[in-house]
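Everything below concerns the one structure shown next.
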Amino acid sequence: MYIPKAFEVTEKEKLYNFIKNNSFGILFSQDDIGPMATHLPFLLHESGQLSTHMAKANPHWKSLNGKEVLVVFQGPHAYISPTWYHEEIRFRPRIMLPPMYMGQLKL
């Protein structure tokens, strides 16, 4: 995801606090069949590593060992009512701040 410099957060402490306070993320990966995504709770360790657990019945874990993955954390978000707009809109917008975490997964 492109993040303009003005909005980039580089302080690890701020990022780690955000993840600790919003620890439910989406694990994304790609295999020969195609892209996969699973919503999971994550634990951030002091080393900066993440750990999680996934149901054995979920086929996603079978192709993950050693693969590059992406975890997106859904941060604070808020519903914006269509009544706040002066003109009609056809979608329900939300404000989100999604930090991402990339790395190699090990089972």
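Every number in this text was worked out from the coordinates using simple rules, so none of it is lab data. For clarity, every value in this text was computed on a predicted model and none was experimentally measured. Using ideal geometry, Cβ is built from the backbone for each residue, glycine included, and neighbour counts are taken over all protein chains shown.
In the structure shown, do any of 20/62; 12/67; 20/67; 20/56 have a Cα-Cα gap over 29 Å, and if so which?
none
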For this session: Determine ³J(HN,Hα), in whole Hz, for all residues of the range 23-28 in sequence, where each value follows from phi through the Karplus function 6.51 cos²θ - 1.76 cosθ + 1.60 and θ = phi - 60°; x replaces Gly and Pro.
Result: 7, 8, x, 10, 8, 10
Problem set entry | Radius 14 Å from Cβ of residue 35, net charge of other residues (Lys, Arg +1; Asp, Glu -1) | -2
Exercise. In what sequence do 71, 9 fall when counting other Cβ within 10 Å, fewest first?
Worked result: 9, 71
Problem set entry | Nonlocal amide H pairs with residue 74, under 5 Å, H built at 1.01 Å | 26
Exercise. Which whole-Hz couplings ³J(HN,Hα) result when phi for each residue of the range 42-49 is put into the Karplus expression 6.51 cos²θ - 1.76 cosθ + 1.60, θ = phi - 60°, listed in order with x for Gly and Pro?
Worked result: 10, 10, 9, 8, 4, 6, x, 7
Exercise. At what distance in nm do the modelled label points of residue 24 and residue 57 sit from each other, each positioned 7 Å from its Cα along Cα→Cβ?
Worked result: 2.0
Exercise. Applying the Karplus parametrisation 6.51 cos²θ - 1.76 cosθ + 1.60 with θ = phi - 60° to the phi angles of the range 6-18, what ³J(HN,Hα) value in whole Hz is obtained for each residue in order, glycine and proline being reported as x?
Worked result: 5, 10, 6, 10, 10, 6, 4, 4, 5, 5, 5, 4, 4
